[in-house]
Amino acid sequence: MNIRFGEFTDRALEQEFRSATMTREVRRLRIGLLTLMLFRIIPIAFDFYHLPLEQVIGQFLPLRSAMLLLSLVILVLPAKPQFYTIRHVGIMVLLTGVFAINGTGPLWSAEAQTPLGLSLQVTIIVIMNYVLLPTRLSWMLAWGVAASLFHVMVVLPLTGPTPLQMKMAMAMLLTANIASAFVTSQLSSLQRRDYLHLRQLERANRDLREREAVIAEQHDRLTQHVQALEEAQQRLLGTRDELVRAEKLAALGGMVAGVAHELNTPVGIALTAITHVEDGIAELDQMVAAGKLTRSKLGEYQDMLRESAQLVHVNIARAAELVQSFKQVAVDQASEERRTFLLRQYIDEVLASLAPRLRREPHLISFDCPADLEMDTYPGALFQVLTNLLMNAVIHAFEPGQRGAITLTGRALPDDRVELQFRDNGRGVSPDHLARLFEPFFTTNRARGGSGLGLHIVYNLVTQSLKGRISVTSVEGEGTCFILTLPRHLPKVEMIPAALETA
């Protein structure tokens with residue numbers, strides 16, 4: 001904002017500044033007026049001492065009293081905008097009166113005055129104009145220059161000065177005007193700049209308070225949103241737990257149904273064989289009772305009984321093997337108990353329990369692992385991991401009708417660790433999806449039964465229950481490989497993990 005002659009060039013801003021600083025300006029003027037009144041009372045006493053009584057009463061006392069009265073009037077003017085011009089005009093009149101009494105004596109008084117003494121009084125009055133009773137800079141400058149010119153051109157020559165005294169008087173007045181005007185201009189400009197800065201600070205503070213209010217409101221809204229999100233997360237976690245529980249029960253139910261289907265064949269064959277044996281025994285009883293049993297007929301019955309017994313034995317053994325495998329896997333899956341087992345044997349049991357489901361798929365499943373590789377961990381968690389990986393490959397890895405290959409490889413690593421590689425040669429995973437495979441509810445094939453929880457459960461079980469690591473690599477069109485690195489023996493202080501529902 002431009003400032004010229006100690007005032008804003010923008011009249012509206014100047015008026016705003018005057019209104020804002022009027023109280024402080026009036027206080028300064030009143031202090032100056034009181035100072036001036038004090039100094040104007042002292043000359044009255046000197047007048048009675050140095051001048052004739054008639055001149056004091058008839059001339060100086062009325063003038064000085066008028067100046068004191070004018071000072072009092074200006075002093076009591078209220079600090080309101082409508083009195084701004086009146087106050088400053090009164091100050092100009094007051095200064096003119098002071099100048100008339102103290103600076104123009106040679107024009108009406110017969111008292112002799114020295115040129116430099118009179119010039120010094122005028123200089124003091126001029127400085128008083130700028131410092132003690134400041135008004136508008138343009139008024140102060142005009143009054144100071146006019147008073148100086150009047151003194152130099154009209155009053156001073158009456159005192160009979162020498163050329164040097166004239167130059168000294170002119171130098172004093174010129175210096176007083178220039179220095180006082182410069183100082184007053186700088187002070188006035190500084191006040192206005194300070195006012196601008198203060199106004200900017202007030203505006204900044206106001207904006208800051210408004211922003212703080214907005215931030216506080218946004219914080220309240222954000223807090224509400226966070227609370228809503230926390231509630232939604234709790235509901236989501238509850239839903240996820242229910243889905244995980246449902247998936248676990250569905251997997252167990254599917255395994256039960258598959259084992260029941262597998263048991264149906266050997267049990268049915270054994271039942272048929274036993275029925276045939278019962279029929280043969282009934283015929284044998286009849287022939288013995290009728291006395292018609294021959295040696296050849298007895299041999300036929302013996303061969304039939306031998307074949308039937310062998311058939312029953314084989315199928316009952318097969319059923320017992322299936323029941324034992326199912327029993328161990330089901331117990332592991334439900335109990336979450338830690339035990340020691342041979343990895344190859346256990347994975348054979350897992351594959352056997354999943355055989356009814358996998359037999360419907362055209363894929364070739366192979367497994368390679370040392371027979372003596374022993375682990376001390378949670379077989380139920382490992383069962384869930386292998387089941388989910390197999391089902392994930394069956395659902396997602398291959399195109400419908402495609403015949404693929406799934407390979408599971410286990411090997412021992414240093415530092416008492418085991419590495420399991422689960423690899424398929426299916427369609428692979430795109431780079432965009434690869435980083436999200438272990439996220440809950442993320443699936444690319446929901447239409448074929450993908451829940452989006454299988455690999456999330458795998459990740460939680462491997463990292464939390466089995467205390468291992470899992471990584472995945474994939475190339476589109478070439479397949480996917482999951483690598484599990486597990487401790488062979490969990491620490492003895494390892495506690496039983498939470499149920500799979502919290503995975």
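The values are calculated or read from the model by the stated rules, or taken from the named source; none is laboratory data. Keep in mind that this is a model prediction, so the values were computed, not measured. Reconstructed Cβ throughout: ideal geometry from the backbone, glycine too, with neighbour counts over all protein chains shown. We work out accessible area using only protein heavy atoms, side chains counted, and drop any ligands, DNA or RNA first. Shrake-Rupley method; radii C 1.70, N 1.55, O 1.52, S 1.80 Å.
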* Starting from the Cα-Cα distance between Ala213 and Asp376, subtract it from 0.36 nm times their residue separation and give me the gain in nm to one decimal. => 52.6 nm
* To do: Could I have the simple spin-label model distance between Met166 and Ala289, label points 7 Å from Cα toward Cβ, reported in nm to one decimal?
  => 17.6 nm
* Asked: Hey, if we sort Thr275, Thr265 by accessible area with the 1.4 Å probe, largest down, what's the order?
  -> Thr265, Thr275
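Leaving out ligands and nucleic acids, note down the accessible area per residue over the range 366-444 with a 1.4 angstrom probe, in whole Å².
Numbers: 3390 Å² over 79 residues.
For the range 366-444, the per-residue accessible area is 43 Å².
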* Long-range amide H contacts for Cys369: which residues qualify at under 5 Å (H placed 1.01 Å from N, peptide plane, sequence gap of 5 or more or a different chain)? -> Gly410
* Any idea how far the Cα center of the range 80-127 sits from the one of the range 170-235, in Å? -> 43 Å
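Quick one: order His363, His433 from most to least accessible surface, probe 1.4 Å.
Ranked list, largest accessible area first: His433, His363.
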* What order do you get for 418-429, 199-210, 59-70, 340-351 when each peptide is scored by the mean count of other beta carbon atoms within 10 Å, highest first? -> 418-429, 340-351, 59-70, 199-210
* Asked: Hey, with R₀ at 30 Å, roughly what FRET efficiency would Leu196 and Arg28 work out to, going by the Cβ-Cβ distance, to 0.05?
  -> 0.90
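Mind giving me the FRET efficiency for Asp303 and Glu439? R0 is 60 Å, r the Cβ-Cβ distance, nearest 0.05 is fine. Could the numbers behind the result be given before it?
Working: r = 65 Å, r/R0 = 1.08.
For R0 = 60 Å, the calculated efficiency reads 0.40.
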* ³J(HN,Hα) across the range 393-408 via Karplus (A = 6.51, B = -1.76, C = 1.60, θ = phi - 60°), whole Hz, x for Gly/Pro? -> 5, 4, 7, 10, 6, 10, 6, x, x, 6, 9, x, 10, 10, 10, 10
* Asked: Between Asn205 and Gln227, what FRET efficiency follows from the Cβ-Cβ distance if R0 is 35 Å, with the result rounded to 0.05?
  -> 0.60
* Return the carbon/sulfur percentage of the accessible area of the range 101-182, one whole number, probe 1.4 Å, all protein chains in place. => 77 percent
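Percent relative contact order of the range 83-157, based on C-alpha pairs within less than 8 angstrom and at least six residues apart? Show your work: numbers first, answer last.
Working: 42 pairs, mean separation 28.4, N = 75.
Computed over the range 83-157, the figure is 38 percent.
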